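What follows is calculated from the coordinates using simple rules that are stated; it is not laboratory data. As the structure is a prediction and not an experimental result, all values here were calculated from the model. Virtual Cβ from ideal backbone geometry, glycine too; neighbours counted across all protein chains shown.
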Amino acid sequence: MVEVVIAAGVVSFVIFGVIGLLPVGIREFQNATCEAAGADVLSTISVALRAAQTSDGTNFDWSFSGTNCRYALGGASSTNSWRSLSLEGDQPSNSFYRQLCAVCIVTPPSSASDEGSAVLSVAWPASANPVFNAVNLSWSRSQGSLTLPIRFLPRMP
């Protein structure tokens, strides 16, 4: 009988230990999911920016997640931000799917033969209303973030 009580105590100790690890595992799974989705969003923004089209040789138009963006050769830097993205990078159908925030700071090339640059960044969760600091390229009030600097050449017709 004593063996059964000891075995039950050991089993209950192990079960409670595993149950205690569940919140940590769930939080790490959610963070990994947001990080993977954030990397996909950064890649999508990068592809959209590099595919910008021009009709007049000076102004370049591109879009991401339903937002039309523009930069001009030799023009000033422009900042585009998305405050509410789903894990797929589109506009969420409701607040439950609002997971990510993204920022794209574009420094346009000075001419058609020069390189432009951009800083792309994404943070999560969007419900925490993260704030992007463009000076030190970091987010505050976020659980996690990714930042990607890129260079691009304007696509001429």
Exercise for the section: Show that you can apply the helix-only estimate: for the chain, add -39,500 (n - 2.57) for every DSSP H stretch of four or more residues, divide by all residues, and state [θ] at 222 nm to the nearest 500. Expected result: -11500 deg cm²/dmol
Fill in the blank from the handout: Applied in sequence order to region 50-63, the curve 6.51 cos²θ - 1.76 cosθ + 1.60 (Karplus, θ = phi - 60°) yields integer Hz couplings, x standing for Gly and Pro, of 5, 9, 4, 10, 10, 10, 10, x, 10, 9, 10, 10, 8, 9
Practice task
With θ set to phi - 60°, apply the Karplus curve 6.51 cos²θ - 1.76 cosθ + 1.60 along region 119-135 and write out the HN-Hα couplings as whole Hz, x wherever there is a Gly or Pro.
Solution key: 10, 10, 8, 9, 9, 8, x, 5, 5, 7, 6, x, 10, 8, 9, 6, 6
Fill in the blank from the handout: Calculating Cα extents along the principal axes in Å from this structure picks out, from (i) 88, 31, 25; (ii) 39, 33, 28; (iii) 48, 33, 27, entry (i)
Fill in the blank from the handout: Quick calc, the chain, dipole around Cα centre from Cβ unit charges on Lys, Arg (+) and Asp, Glu (-), nearest 20 debye, gives 300
Handout entry: Distant-in-sequence amide H partners of CYS69 (H built 1.01 Å from N, under 5 Å)
Key = TRP62, SER63, PHE64
Practice task
In whole Hz, with x marking every Gly and Pro, tabulate ³J(HN,Hα) for region 70-75 from phi via Karplus 6.51 cos²θ - 1.76 cosθ + 1.60, θ = phi - 60°.
Solution key: 8, 9, 10, 4, x, x
Fill in the blank from the handout: For the chain, the charge dipole (Cβ of Lys, Arg +1; Cβ of Asp, Glu -1; about the Cα centre) points to a positive end, and the Cα of SER86, ALA126, ALA36 closest to that extreme belongs to ALA126
